[in-house]
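Working notes, structure below.
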Amino acid sequence: MYMQMDVQIFEAGDFVLQGGMTLPQAKMAYKTYGELNSDKSNVIIYPSWYSGFHSDNEWLIGAGMALDPTKYFIVVLCALGNGQSSSPSNQPAPYNKARFPNVTLYDNVTLQHRLVTEVFGISKVKLVVGWSMGAQQTFQWGALYPDMVERIAPFCG
């Protein structure tokens, strides 16, 4: 059972992980702030850190703040394993609990990329920003999608 709270769920189907295993019926939780403009040029990607929920990222989001939803369309992405996205606690057997497959930064970012391209049709990202493991995902975004990502701002990564 998935903890919904105030997030949306991207249902990715069976997702092949970097290590070769398939995560059946993979799900990634996310929340958006602000409005996507007509040319989709105001996108900020903000991945969560290890075990962080989307709400843990909200301290930088607000009018007049660093991540201003009156100017930007901010997508907070919840990492695999955090309890909101596919995780040991909510994945159906036989891949639940200790049998949950190992996931990598690469797995998180490729699934996040699918989410933003498939759900929103985004092809350019103004900024990817993140703290701790979110910063590590920020580096991964820049490395995997250099033509898509204009800037990265990892901190404490």
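The values are calculated or read from the model by the stated rules, or taken from the named source; none is laboratory data. Quick caveat, the model's predicted, so the values are computed rather than measured. Methodologically, a virtual Cβ is constructed for each residue, glycine included, from the backbone with ideal geometry; neighbour enumeration extends over all protein chains shown. Areas reflect the complete protein model, heavy atoms only, side chains present, ligands, DNA and RNA absent. Shrake-Rupley method; radii C 1.70, N 1.55, O 1.52, S 1.80 Å.
Over the Cα atoms of region 13-86, how large are the radius of gyration and the largest Cα-Cα distance (Dmax), in Å?
When restricted to the Cα atoms of region 13-86, Rg and Dmax are 14.3, 44 Å.
Residue-wise, which Karplus ³J(HN,Hα) couplings in Hz belong to region 92-99, taking 6.51 cos²θ - 1.76 cosθ + 1.60, θ = phi - 60°, and x for glycine or proline?
x, 4, x, 9, 9, 6, 5, 8
Around LEU67, which amide H atoms from residues at least 5 apart in sequence, or from another chain, sit under 5 Å from its own amide H, with H modelled in the peptide plane?
GLY62
Can you give the three extents of the C-alpha atoms in region 45-128 along their principal axes, from longest to shortest, in whole Å?
Between the extreme Cα coordinates on each principal axis of region 45-128 lie 45, 27, 18 Å.
Taking the Cβ of TYR95 as the centre, find all other residues whose Cβ is under 15 Å away and add up their charges (Lys, Arg: +1; Asp, Glu: -1).
Taking every other residue near TYR95 into account, the sum is +1.
Return the long-range amide H neighbours of PHE15 (sequence gap of 5 or more, or a different chain), with a cut-off of under 5 Å between placed amide H atoms.
When sequence neighbours closer than 5 places are left aside, the close amide H contacts are LEU23, GLN25, ALA26.
Expressed as an acute angle from 0 to 90° and rounded to the nearest 10, what is the orientation of the C-alpha long axis of helix 133-144 relative to the principal long axis of the chain?
80
Using a 1.4 angstrom probe, figure out how much accessible area the chain has per residue, in square angstrom, rounded to the nearest whole.
Value returned for the chain: 47 Å² of accessible area per residue.
Tell me the angle of helix 105-120 to the major Cα principal axis of the chain, expressed in degrees between 0 and 90 and rounded to the nearest ten.
60
If one puts a single equal scatterer on every Cα of the chain and applies the Debye formula without solvent, what log₁₀ I(q)/I(0) results at q = 0.15, 0.16, 0.19, 0.21 Å⁻¹?
Here the Debye-derived log intensity ratios amount to -0.73, -0.83, -1.17, -1.42.
I need the per residue convex hull volume for region 37-76, using only the alpha carbons, in cubic angstrom as a whole number.
Cα-based convex hull of region 37-76, divided per residue, equals 60 Å³.
Quickly rank 37-48, 111-122 as a protection proxy: mean count of other C-beta atoms within 10 Å, highest first.
Ranking the peptides 37-48, 111-122 by packing returns 37-48, 111-122.
Taking a virtual spin label 7 Å from the Cα of PHE139 along the C-beta vector, which residues in region 13-53 bring their backbone nitrogen under 20 Å of it?
18-19, 45-52
Treating each Cα of region 98-157 as an identical point scatterer and ignoring solvent, apply the Debye formula and state log10 I(q)/I(0) at q = 0.15, 0.23 Å⁻¹.
Results for region 98-157 at q = 0.15, 0.23 Å⁻¹ read -0.44, -0.91.
Would you compute, from DSSP H runs of 4+ residues alone, the mean residue ellipticity of the chain at 222 nm, taking -39500 (n - 2.57) per run and dividing by the full residue count, rounded to the nearest 500?
Rounded to the nearest 500, it is -6000 deg cm²/dmol.
Which distance in nm do the two modelled labels at ASP39 and ASN96 give, with both placed 7 Å along the Cα-to-Cβ direction?
Here the answer is 4.9 nm between the modelled labels.
Specify which residue in the list ALA143, ILE122, GLY34 is farthest towards the positive end of the charge dipole of the chain, using unit charges on the beta carbon of Lys, Arg (+1) and Asp, Glu (-1), about the Cα centre.
ALA143
When the accessible area of region 77-121 is computed with all protein chains present and a 1.4 Å probe, what percentage of it is carbon and sulfur?
54
What distance in nm separates the simple spin-label points at PHE155 and ALA66, each placed 7 Å from Cα in the Cβ direction?
It is 0.2 nm.
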